[in-house]
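Chemist: I have a structure here, written as structure tokens, and I will follow up with some questions on it.
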Amino acid sequence: MPSYTVTVATGSQWFAGTDDYIYLSLVGSAGCSEKHLLDKPFYNDFERGAVDSYDVTVDEELGEIQLVRIEKRKYWLNDDWYLKYITLKTPHGDYIEFPCYRWITGDVEVVLRDGRAKLARDDQIHILKQHRRKELETRQKQYRWMEWNPGFPLSIDAKCHKDLPRDIQFDSEKGVDFVLNYSKAMENLFINRFMHMFQSSWNDFADFEKIFVKISNTISERVMNHWQEDLMFGYQFLNGCNPVLIRRCTELPEKLPVTTEMVECSLERQLSLEQEVQQGNIFIVDFELLDGIDANKTDPCTLQFLAAPICLLYKNLANKIVPIAIQLNQIPGDENPIFLPSDAKYDWLLAKIWVRSSDFHVHQTITHLLRTHLVSEVFGIAMYRQLPAVHPIFKLLVAHVRFTIAINTKAREQLICECGLFDKARGMESKEDIPYYFYRDDGLLVWEAIRTFTAEVVDIYYEGDQVVEEDPELQDFVNDVYVYGMRGRKSSGFPKSVKSREQLSEYLTVVIFTASAQHAAVNFGQLFLGMYPEEHFIEKPVKEAMARFRKNLEAIVSVIAERNKKKQLPYYYLSPDRIPNSVAI
């Protein structure tokens, strides 16, 4: 009788093992086997991190194995099990891999396909088409869209972390890590000791230094020592935590009535302000988005206000960006003066502090929360709803949405509840004109490495543009992102569909870059870019593409490290060895 060797790998995370009964049956083109209990006498099967092998003998030839059925039945108490993969050695000596990388909870049956990536058109056998369809039907019941707040992208329908599907919840280690990191941050900031500082006015600039006592590093020390200087203020718009707002000023806005006479002492080329604009030496940051926001009344003793400033900056002869004019609100007038570097020291400093405060709020709510966390969650939900695990794009993206939905649900539950894209068109492209914009330089290197990798993967599975256009699951994924995530807004820049391999590669680059590099640049905080320990892909061409991707990223690490050796203030946020694969912190 034919005999198969079945190897079962259990996850290494906490509580991944199980004492439940595990049954296996094989589905082949010529028949289906009986259920076999996977159990060795006097042996503790399926322990955490274990790789166990079993001989399974069947009554008759099964033909080409198409599916593996795993059935888990309760032994004593409900016992979750994390199954990494199953491999099968056939009677003919062939090896077949069945990736899983899922939690199996309760008394359930899980059906696995072999690890070869397949488009919908590749499945001609009824049982495989049925498996594909049922998987998506099940997922669409589990992963439902919900409006969290009007105007925001839709999010996962879950009120708290425990309501999420088990597969996207934090592992126990990650959950503990989340709590410990949060607690450590509070401890480092002496929140309890200095809470009064945040609820009332500060008396001295030296109070700032107390916050930095325990979070000292090369960057924080330099910022602490130089934060009042115009050079540091301008540098932060290029390479600080929010390097995406500054743009070249092509025309002075009427709402900012700055004249040459007002800023003459800041201009170094003996040109008028209008001439400096024409030569591309003037930059602007406009916080119009914050206009009209009411004061924060959380503390009844203190009202906290936001400005909606406009900041004009100048590229001096040393090619450094410095501020030359600040207007704190949008409508010019006698009660809304324009502050200048020639003003009294503390008038100018306070104007810059108001700008930095506004920059912080835009960074946290728009650049960080909306454009990395919430957008990446949209990709994740749409992926689970519309792409089966066998689809190559699912296999490509799954590592880049890992724990993203969980961290966002935690945030909605605990941090941003009631109580408690890489844009290249801002006139900032030229390295010659703006040589110290490291976010741009490093970002473009990482972007191109990701684009090259995604193009290779796309070309492996889509031999032409027509195949892209006729892939219904892919088009449903893209449409889900557009309709639910972007609320059907053309202004989002996201398409309703993709019609070519090039467009698909660009789309996937946006997804991966947003979840990895862009988030690292504006948050920095796991598993780094290019590392794929869960082997969803088994095909050699894709593994070779992954190896080339890692090699390209290693070269970028070397380039950035060499540049930083010469910098007093190094920029390493976009070094690939520091970029997490996904938005998970």
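The values are calculated or read from the model by the stated rules, or taken from the named source; none is laboratory data. Source: prediction; values computed, not measured. Backbone-built Cβ (ideal geometry, glycine too); neighbour counts: all protein chains shown. Calculation scope for accessible area: heavy atoms of the full protein, side chains included, ligands and nucleic acids excluded. Shrake-Rupley method; radii C 1.70, N 1.55, O 1.52, S 1.80 Å.
Chemist: Which one of these is over 17 Å from residue 138 (Cβ atoms), of a type in the set (Lys, Arg) and open to solvent by less than 80 Å² (accessible area, probe 1.4 Å): 84, 74?
Modeler: After applying the criteria, what remains is 84.
Chemist: Check residue 454 against each of (1) at pLDDT 95 or above; (2) more than 19 Å from the chain's Cα centre (by Cα) and name the one condition it does not meet.
Modeler: (2)
Chemist: Still on this model: Just need a number here: residues in the range 225-283 that are open to solvent by 30 Å² or more (accessible area, probe 1.4 Å) and hydrophobic (A, V, I, L, M, F, W, C).
Modeler: Final tally of qualifying residues: 8.
Chemist: Of everything in the range 381-393 that's out of contact with any strand residue (DSSP E or B) (no Cβ under 8 Å at 6 or more places or on another chain) and open to solvent by less than 10 Å² (accessible area, probe 1.4 Å), which residue is nearest to residue 148 (Cα to Cα)?
Modeler: 382
Chemist: Among the listed residues 51, 58, 108, which satisfies the condition of being out of contact with any Asp or Glu (no Cβ under 8 Å at 6 or more places or on another chain) and more than 24 Å from residue 474 (Cα to Cα)?
Modeler: On inspection, the qualifying residue turns out to be 51.
Chemist: Continuing with this model, one more query. Does residue 319 qualify as being open to solvent by 20 Å² or more (accessible area, probe 1.4 Å) and on the phi > 0 side of the Ramachandran plot?
Modeler: Taking the combined requirement at face value, the residue satisfies it.
Chemist: Please enumerate the residues belonging to the range 378-402 that are in a loop (DSSP other than H, G, I, E, B) and closer than 15 Å to residue 504 by Cβ.
Modeler: 387, 391
Chemist: Report, by residue number, each residue of the range 516-543 that is of a type in the set (Asp, Glu) and either in contact with a helix residue (DSSP H, G or I) (Cβ under 8 Å, 6 or more places away or on another chain) or at pLDDT 95 or above (or both).
Modeler: Within the range 516-543, 534, 539 qualify.
Chemist: Here's something else I'd like to know. Which residues, taken from the range 274-333, are in a loop (DSSP other than H, G, I, E, B), at pLDDT below 90 and either under 20 Å from residue 264 (Cα atoms) or not aliphatic (A, V, I, L, M) (or both)?
Modeler: 291, 292, 294, 297, 298, 299, 300, 301, 302, 305
Matching residues to (1) part of a helix (DSSP H, G or I); (2) surrounded by 23 or more Cβ atoms within 10 Å (Cβ to Cβ); (3) of a type in the set (D, E, K, R):
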{"position": "494", "(1), (2), (3)": "no, no, no"}
{"position": "508", "(1), (2), (3)": "yes, yes, no"}
{"position": "518", "(1), (2), (3)": "yes, yes, no"}
{"position": "546", "(1), (2), (3)": "yes, no, no"}
{"position": "551", "(1), (2), (3)": "yes, no, yes"}
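Chemist: Taking the conditions exactly as written (surrounded by 12 or more Cβ atoms within 10 Å (Cβ to Cβ), part of a loop (DSSP other than H, G, I, E, B) and at pLDDT below 80), does residue 148 satisfy them or not?
Modeler: No: the conditions fail for residue 148.
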